[in-house]
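This report refers to the structure that appears directly beneath it.
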Amino acid sequence: VQLQASGGGLVQAGGSLRLACAASGRAYDTPAMGWFRQAPGKERDIVAVAYWDWGGSRTYYADSVKGRFTISRDDAKNTAYLQMNSLKPEDTAVYYCAAGTKKPYRSESDFGSWGQGTQVTVSS
């Protein structure tokens, strides 16, 4: 699976951005799509995941973004989106999209394909 991320940029605190991640192939081949981020000098951390399981479609969010970020998928386009609202300077990072390959889709090792990063900078 090849992933192409887009949508990063510079925004003031309190503003919004939407990231997109287009995946090659069919949505069936990517049961989970997620977003990670890496700030300078820090490890890459999970932000949000959208995935299917026996109960239907599910989402997971890191505590730091709950209530502000929303992940969604357009299966017809095999594209995942990350709507980021109420952005804070601490959200500044390079954001990476990834395709999950094994549950629980929470750590980097659960994701087998990665897109290039897109920079998000939030000014105070």
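Worth pointing out:
- Conditions (1) more than 22 Å from ASP91 (Cα to Cα); (2) hydrophobic (A, V, I, L, M, F, W, C); (3) not in a loop (DSSP other than H, G, I, E, B); number of the one not met by ALA5: (1)
- Near pairs, Cβ below 6 angstrom, 6+ apart or cross-chain, from region 108-123 (over 12 Å from GLN2 (Cβ atoms)) to any residue that is part of a loop (DSSP other than H, G, I, E, B) and among the small types (Gly, Ala, Ser): THR118/GLY8; GLN119/GLY8; VAL120/GLY8; VAL122/ALA13
- Entry remark, region 77-91: residues being under 21 Å from ALA39 (Cα atoms), assigned to a strand (DSSP E or B) and open to solvent by less than 50 Å² (accessible area, probe 1.4 Å) number 3 in total.
- Tally, over region 92-124, of residues that are open to solvent by 30 Å² or more (accessible area, probe 1.4 Å) and in a strand (DSSP E or B): 7
- Of the residues screened, ASP74 is not one that is touching a strand residue (DSSP E or B) at 6+ places or on another chain (Cβ under 9 Å) and either at positive phi or surrounded by 14 or more Cβ atoms within 10 Å (Cβ to Cβ) (or both).
- Some residue of region 40-63 being touching a residue at least 60 places away in the same chain (Cβ under 8 Å) and assigned to a helix (DSSP H, G or I): no
- Set side by side, the residues VAL11, VAL1 differ, and just one is under 19 Å from ASN85 (Cβ atoms) and touching a residue at least 24 places away in the same chain (Cβ under 8 Å), which is VAL11.
The values are calculated or read from the model by the stated rules, or taken from the named source; none is laboratory data. Because the structure is a prediction, the values reported are computed rather than measured. Note that each Cβ is placed from the backbone with ideal geometry, even for glycine, and that neighbours are counted across all protein chains shown. For the accessible areas, the whole protein counts, side chains as well, though only heavy atoms, and no ligand, DNA or RNA atoms are used. Shrake-Rupley method; radii C 1.70, N 1.55, O 1.52, S 1.80 Å.
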